[in-house]
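The values are calculated or read from the model by the stated rules, or taken from the named source; none is laboratory data. Nothing here was measured: the structure is a model prediction, and the numbers come from that model. Neighbour counts run over all protein chains shown; Cβ positions are idealised from the backbone, glycine included. Protein only, heavy atoms only, side chains kept; ligands, DNA and RNA dropped before computing areas. Shrake-Rupley method; radii C 1.70, N 1.55, O 1.52, S 1.80 Å.
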Amino acid sequence: MADKQISLPAKLINGGIAGLIGVTCVFPIDLAKTRLQNQQNGQRMYSSLSDCLIKTIRSEGYFGMYRGAAVNLTLVTPEKAIKLAANDFFRHHLSKDGKKLTLLREMLAGCGAGTCQVIVTTPMEMLKIQLQDAGRIEAQRKLMAAQGQPSSSPAAAAKPAVEKRPTATQITRELLRSKGIAGLYKGLGATLLRDVPFSIVYFPLFANLNKLGQKDPNVKAPFYVSFLSGCVAGSTAAVAVNPCDVIKTRLQSLQRGVNEDTYSGILDCTKKIWQREGPLAFFKGAYCRALVIAPLFGIAQVVYFVGIAEFLLDLLPRRRA
């Protein structure tokens, strides 16, 4: 396909708009994914996606499903913009005289995009996970108290019965004060292990699926083809890297529930999950993640390929005239 040259500002705006729309639509499912992945063989609060969402609404209200959404909505614009623009950048520089990219070069472009995005993804995920999982830990503590069971967690026992949950700003300040910038990048290695393979699978698969819907190599595929291609490629890549996502979520969680393990690193986390929860634990929340990623990337690719930003930027010269 002879790709239309799109300016960098347009790419960044397209990626940002795509991310905002996608996150708003699927965030409750992402919250359920985080809570399901963080459950260990101790006190389990949720049995499924629907059970998690129902219990969250009952105990925290409707907006409880959007705990941590502000962090995502703030940082998803640069995150998605970097990911999509970086992939285009690497594809452009890896192509030879405008010829079709080989599968290996498409994978290398995806690898570059995944590596670039962790600059924003890691702190975003770090903060989001604390806010998303706070409700699960609080609900677990209340359940243990109602059953008359003492908490084995000194930190949990020391907390007052009524506690105001920390905000993203408070968590950020505390991490910067105690651990410096490295505190916000806890789990960076696990994030790379998740995002780089994801991009290696996603971008080539999307590009090739999208081409199937093109009647003419010089004309963009219909928007519904881009949407479906984004959904299929996103869900496939999401399930493929779910074990890495489980490890990343566990490592980035600062608070633990009752009788839940702590981990010193990627290998320690992998070993403990395998030994104490079994291999299927690495696919906890996989269907939730597929449900999140499919529409998220479907919407992202439609917005990106339709080119809302180009339309908006084209209006500026007209208005000046």
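Brief remarks on what is shown
- Residue list for region 239-263, filter: among the small types (G, A, S) and under 17 Å from M124 (Cβ atoms): S253
- Criterion: open to solvent by 50 Å² or more (accessible area, probe 1.4 Å), touching a residue at least 40 places away in the same chain (Cβ under 8 Å) and either closer than 16 Å to G135 by Cβ or among the charged types (D, E, K, R) (or both) - qualifying residue of K55, K80, K33: K55
- Cross-chain or 6+ apart pairs with Cβ under 6 Å, region 264-291 first and farther than 16 Å from R44 by Cβ, then open to solvent by 20 Å² or more (accessible area, probe 1.4 Å) and among the polar types (S, T, N, Q): A290/S235
- Residue within region 87-94 that is on the phi < 0 side of the Ramachandran plot, of a type in the set (D, E), modelled with pLDDT of 90 or more and surrounded by 18 or more Cβ atoms within 10 Å (Cβ to Cβ) present: no
- Close pairs (9 angstrom Cβ cut-off, 6 or more residues apart or separate chains): closer than 17 Å to K100 by Cα in region 215-230, modelled with pLDDT of 85 or more and open to solvent by less than 80 Å² (accessible area, probe 1.4 Å) anywhere: P217/K211; K220/N210; A221/N210; A221/K211; A221/S229
- In region 115-170, the residues that are modelled with pLDDT under 75 and under 30 Å from I82 (Cβ atoms): R165
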